[in-house]
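*Asks:* My structure is below; once you've seen it, I'll send some questions.
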Amino acid sequence: EPQFKNKIVGENDVTLQCVDQIYGVYDEKKKLLTGQLRKYPEKLIIYCKDLRVFNFCLRYTKEEEVKRIVSGIVHHSQTPKLLKRLFLFSYASAAPNNTDGRNQTVMFETLEDWRDELERTKGNVKYKAVTTNEGYRVSEKLPLYFVVPICISEESILKYEGRGIPIWCWSCHNGAALLKMSAFPKEQDDSTSQMQKAFLDGIYKTISKPPYELLKMDDLSSSLPSLQDIQTAYTRFKQLFLIDNSTDFWATDVKWFSLLESTNWLEIIRRVLKKAVEVAECLEVQHTNVLLIEESATDLCCVISSLVQVMMDSYSRTKSGFQSLIQKEWVIGGHGFLDRCNHLHKSEKEEAPVFLLLLNCVWQLVQQYPPAFEFTETYLTVLSDSLYVPIFSTFFFNSQHQRDTNKSGESLKTQSGPFRFLTVWDWSVQFDPKALAFLNNPLYAEKPKPDRSQRKTARFKHQRQLSLPLTQAKPPTKRGFFREETDHLIKNILGKRIGKFINSSEEPPNSLREFYDSWHSKPVDYHGLLLPRIDGPEIKVWAQRYMRWIPEAQLHGGGTIATAAKILDLMEEVQSLQVKMDEEHSQAVSGGVHSVPMLRNSARLSSLFPFASLQRQSVKPALPTSTWKDLEDEDDLVKRDDEFVDLSGDML
């Protein structure tokens with residue numbers, strides 16, 4: 001019995017939303033199956049979005065059964081469907097009413113939640129939570145409540161349905177804030193364009209007040225890859241891990257690095273992390289407000305704003321803090337999960353793994369600085385899997401408005417009241433307490449609580465540690481003034497086009513490099529600013545998520561799990577001693593002590609534990625792969641069926 005078991009989705013269960021592609025094998029040739037089929041295959045291969053691959057032999061099945069099975073699977077998993085036909089609604093009509101399980105996650109569904117967040121980040125001096133969108137009278141894409149600069153009027157918000165309005169994401173300890181804004185459509189007639197430009201100029205003047213308040217605008221559509229590029233890169237990348245058999249694995253092994261590089265996926269992760277470092281430098285060093293601009297402000301804006309907060313705010317590196325961040329920036333923020341995950345199979349043009357891109361970037365930070373995070377990579381992996389579990393409403397709507405309007409069950413005869421949608425943050429629905437322990441990092445360096453007498457001193461010291469000025473001779477006010485004057489001069493001399501180019505250019509790269517190198521030359525404060533290492537091979541493949549179902553990629557008794565097993569054994573011993581001491585001091589049984597998972601005999605576990613605790617044994621060729629491939633026709637070893645090995649028994 002595996003220690004890490006999902007109570008909802010079994011080992012061989014596949015939700016319809018998790019099906020990626022279905023192939024049929026005809027005379028040893030694979031063919032993608034879609035729509036109506038004229039001829040039915042002798043073998044069925046199902047590729048899943050969580051990278052599992054299922055093979056079904058239909059050669060000895062009756063023809064009418066094959067027809068029923070294949071056409072049924074293709075129809076239910078590949079054809080377009082209506083939103084209310086999702087299993088989510090069937091489950092919600094009968095969901096148990098006794099689950100709450102938010103685990104201290106702030107849902108950002110009330111005005112109070114936003115005001116509390118403003119107070120937590122000390123942003124309430126310059127920003128206010130507004131109720132202008134109650135009843136969705138401004139826009140159906142915006143949440144009911146959001147935060148804007150104090151100087152923004154209600155009329156401004158209403159004028160263009162919320163477009164052109166800077167929406168607050170987070171405030172830095174020094175008062176600088178991170179904002180996002182949905183841009184106006186680019187193709188407009190001249191009069192409309194002029195009106196919108198005048199409107200934007202007025203908005204910028206209310207926020208940017210040199211030398212006290214500086215504002216840097218960053219159009220993410222021009223400085224980061226497009227959603228189409230991201231989708232193309234990920235489609236190529238995931239193909240490297242959707243492997244049917246050992247032959248394919250060893251055939252690609254010899255050119256693994258070139259194949260990996262050609263996908264461009266790791267380069268996109270690196271570029272996104274670099275952009276987050278740039279934004280962090282503006283906020284931290286230059287004390288400049290940063291305004292992220294995107295067409296809808298619900299895709300790459302969500303990625304960058306979330307990453308910056310994970311890097312700069314230690315609260316976002318706790319489990320409840322990270323979950324609250326996802327709620328704030330993604331779920332309530334209006335990321336189109338329904339379209340981007342293509343849950344309804346309506347349009348592949350809208351599909352893009354934007355949320356997965358964020359999780360991949362966060363994983364880079366987790367594996368570089370494990371003690372800084374309260375959660376583990378296993379937590380990130382099961383969170384990525386939860387995108388395709390249709391009993392939680394968290395990742396199945398495009399906006400808060402869409403969720404609210406579909407919450408009433410009046411259209412269904414079986415349901416009279418509203419649906420009871422579950423939130424994914426109630427992890428007890430998917431895992432029992434023993435499995436939940438794998439989501440918590442036992443080595444998390446908890447923030448020490450200062451004494452009341454030392455609180456003021458500690459706070460000042462904390463701010464000094466966070467702030468990393470580059471040089472004394474570069475105050476941001478003078479640099480801002482100098483740049484304005486230079487831009488004005490260049491516009492007059494060289495014309496508008498070149499002036500516009502220079503005005504939109506980024507800070508000198510050596511300034512960013514100096515900030516980056518300066519931070520990495522100092523000891524890491526796990527509760528202060530965290531900057532990812534983004535040079536070359538520092539960006540790695542998230543092995544646990546992408547390789548967990550490939551037996552050939554596993555190291556039995558190797559990887560980080562061997563170290564973790566020893567540490568957890570020691571922790572278990574310390575905890576048992578603590579329990580004994582507590583029992584001696586009082587009769588109260590310590591039910592609140594966190595138990596850690598038992599990892600005895602780590603030599604028998606796989607490097608991709610806990611997902612691969614019991615996997616197939618792989619036959620690795622003794623010869624180099626290229627030679628092995630040449631000999632394939634002469635030797636049938638590669639065609640040998642993989643054997644199952646029970647890791648709980650004795651290893652031979």
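Here is a yes/no grid of residues against (1) within 14 Å of the chain's Cα centre (by Cα); (2) outside any helix (DSSP H, G or I):
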| site | (1), (2) |
| --- | --- |
| Ala297 | no, yes |
| Ile304 | yes, no |
| Leu307 | yes, no |
| Val310 | yes, no |
| Ser316 | yes, no |
| Leu325 | yes, no |
| Trp330 | yes, no |
| His335 | yes, yes |
| Asp339 | no, no |
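*Asks:* Continuing with the same structure: Only one of Gly175, Gly162 is more than 15 Å from Leu283 (Cα to Cα), assigned to a loop (DSSP other than H, G, I, E, B) and open to solvent by less than 30 Å² (accessible area, probe 1.4 Å). Can you tell me which? Before you say what the answer is, go through the steps one by one.
*Replies:* Values: Gly175 fails: more than 15 Å from Leu283 (Cα to Cα).
So the residue among Gly175, Gly162 that is more than 15 Å from Leu283 (Cα to Cα), assigned to a loop (DSSP other than H, G, I, E, B) and open to solvent by less than 30 Å² (accessible area, probe 1.4 Å) is Gly162.
*Asks:* Provide a single number: the residues in the range 1-20 that are open to solvent by less than 50 Å² (accessible area, probe 1.4 Å) and outside any loop (DSSP other than H, G, I, E, B).
*Replies:* So the count comes out to 4.
*Asks:* Right, something else. If a residue must be assigned to a loop (DSSP other than H, G, I, E, B) and open to solvent by less than 70 Å² (accessible area, probe 1.4 Å), how many such residues does the range 515-534 contain?
*Replies:* Going through the range 515-534 one residue at a time, the tally reaches 9.
*Asks:* Could you check how many residues of the range 41-92 are aromatic (Phe, Trp, Tyr), more than 27 Å from the chain's Cα centre (by Cα) and open to solvent by less than 60 Å² (accessible area, probe 1.4 Å)?
*Replies:* Step one: filter the range 41-92 for residues aromatic (Phe, Trp, Tyr), giving 47, 54, 56, 60, 87, 89, 91.
Within this subset, residues satisfying the condition of being more than 27 Å from the chain's Cα centre (by Cα) are 56, 60.
Filter once more, keeping what is open to solvent by less than 60 Å² (accessible area, probe 1.4 Å): none.
Of the residues in that region, 0 qualify.
*Asks:* Taking Trp114 and the conditions (1) surrounded by fewer than 17 Cβ atoms within 10 Å (Cβ to Cβ); (2) under 26 Å from the mean Cα position of the chain (by Cα), which numbered condition does it fall short on, given that it satisfies the others?
*Replies:* (1)
*Asks:* Does the range 354-372 contain any residue that is open to solvent by less than 20 Å² (accessible area, probe 1.4 Å), touching a helix residue (DSSP H, G or I) at 6+ places or on another chain (Cβ under 6 Å) and not in a helix (DSSP H, G or I)?
*Replies:* So far as the range 354-372 goes, no, none of its residues is open to solvent by less than 20 Å² (accessible area, probe 1.4 Å), touching a helix residue (DSSP H, G or I) at 6+ places or on another chain (Cβ under 6 Å) and not in a helix (DSSP H, G or I).
*Asks:* It is to be established whether one or more residues within the range 83-100 are outside any helix (DSSP H, G or I), closer than 24 Å to Phe396 by Cα and of a type in the set (Ser, Thr, Tyr).
*Replies:* The answer is yes; a qualifying residue exists.
*Asks:* Would you confirm whether or not the range 538-559 contains a residue that is of a type in the set (D, E, K, R), surrounded by fewer than 16 Cβ atoms within 10 Å (Cβ to Cβ), in a loop (DSSP other than H, G, I, E, B) and at pLDDT 80 or above?
*Replies:* yes
*Asks:* Look at the range 286-304 and say how many of its residues are crowded, with 24+ Cβ neighbours inside 10 Å and under 13 Å from Pro166 (Cα atoms).
*Replies:* Number of matching residues: 5.
*Asks:* Quick one: in the range 414-428, which of the residues that are open to solvent by less than 20 Å² (accessible area, probe 1.4 Å) and outside any loop (DSSP other than H, G, I, E, B) is modelled with the highest pLDDT?
*Replies:* Applying the filter and picking the extreme gives Trp427.
*Asks:* Identify the residue in the range 344-353 that is surrounded by fewer than 23 Cβ atoms within 10 Å (Cβ to Cβ) and not small (Gly, Ala, Ser) and, among all such residues, is nearest to the chain's Cα centre (by Cα).
*Replies:* Out of the qualifying residues, it is Glu351.
*Asks:* Tell me, please, whether a residue that is under 28 Å from the mean Cα position of the chain (by Cα) and surrounded by fewer than 16 Cβ atoms within 10 Å (Cβ to Cβ) can be found in the range 146-156. So that I can check it myself, show each step before the final result.
*Replies:* Going residue by residue through the range 146-156, those that are under 28 Å from the mean Cα position of the chain (by Cα) are 146-149.
Right, trim to surrounded by fewer than 16 Cβ atoms within 10 Å (Cβ to Cβ) and you get none.
No: the range 146-156 contains no residue that is under 28 Å from the mean Cα position of the chain (by Cα) and surrounded by fewer than 16 Cβ atoms within 10 Å (Cβ to Cβ).
*Asks:* Could you check the range 117-131 and list, in sequence order, the residues that are in a loop (DSSP other than H, G, I, E, B), crowded, with 17+ Cβ neighbours inside 10 Å and either modelled with pLDDT of 95 or more or of a type in the set (Phe, Trp, Tyr) (or both)?
*Replies:* Here is the first cut: in the range 117-131, the ones in a loop (DSSP other than H, G, I, E, B) are 121-126, 131.
In the following step, the residues that additionally are crowded, with 17+ Cβ neighbours inside 10 Å were identified as 121, 123-124, 126.
Within the range 117-131, Thr121 is the sole residue that qualifies.
*Asks:* Can you list the helices (runs of 4 or more DSSP H) found entirely within the range 238-285 that contain at least 1 residues being open to solvent by 10 Å² or more (accessible area, probe 1.4 Å) and at pLDDT below 95?
*Replies:* 246-253, 256-263
For (1) crowded, with 20+ Cβ neighbours inside 10 Å; (2) assigned to a loop (DSSP other than H, G, I, E, B); (3) touching a strand residue (DSSP E or B) at 6+ places or on another chain (Cβ under 8 Å), each residue gets a yes or a no:
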{"position": "Val138", "(1), (2), (3)": "yes, yes, no"}
{"position": "Pro143", "(1), (2), (3)": "yes, yes, no"}
{"position": "Trp168", "(1), (2), (3)": "yes, no, yes"}
{"position": "Leu179", "(1), (2), (3)": "yes, no, yes"}
{"position": "Ser193", "(1), (2), (3)": "no, no, no"}
{"position": "Lys197", "(1), (2), (3)": "no, no, no"}
{"position": "Tyr204", "(1), (2), (3)": "no, no, yes"}
{"position": "Ser221", "(1), (2), (3)": "no, no, yes"}
{"position": "Tyr234", "(1), (2), (3)": "yes, no, no"}
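*Asks:* Is at least one residue of the range 21-39 in contact with a Pro (Cβ under 8 Å, 6 or more places away or on another chain) and either β-branched (Val, Ile, Thr) or assigned to a helix (DSSP H, G or I) (or both)?
*Replies:* Looking through the range 21-39, at least one residue is in contact with a Pro (Cβ under 8 Å, 6 or more places away or on another chain) and either β-branched (Val, Ile, Thr) or assigned to a helix (DSSP H, G or I) (or both).
*Asks:* OK, next. What are the residues in the range 394-413 that are at pLDDT 95 or above and part of a loop (DSSP other than H, G, I, E, B), if any?
*Replies:* Within the range 394-413, Thr394, Phe395, Phe396, Phe397, Asn398, Ser399 qualify.
*Asks:* Any residue in the range 11-39 that's within 24 Å of Pro610 (Cα to Cα) and in contact (Cβ under 8 Å) with a residue 12 or more places away in the chain: show its pairings with residues that are β-branched (Val, Ile, Thr) and part of a loop (DSSP other than H, G, I, E, B) at Cβ separation under 7 Å, as long as the two are six or more apart or on different chains.
*Replies:* Between residues of the range 11-39 that are within 24 Å of Pro610 (Cα to Cα) and in contact (Cβ under 8 Å) with a residue 12 or more places away in the chain and residues that are β-branched (Val, Ile, Thr) and part of a loop (DSSP other than H, G, I, E, B), the close pairs are Thr15/Val9; Thr15/Val389.
The values are calculated or read from the model by the stated rules, or taken from the named source; none is laboratory data. Model, not experiment: these values are computed from the prediction. Note: ideal-geometry Cβ built from the backbone for every residue, glycine included; neighbour counts use all protein chains shown. Surface accessibility is based on the protein's heavy atoms, side chains included, excluding ligands, DNA and RNA. Shrake-Rupley method; radii C 1.70, N 1.55, O 1.52, S 1.80 Å.
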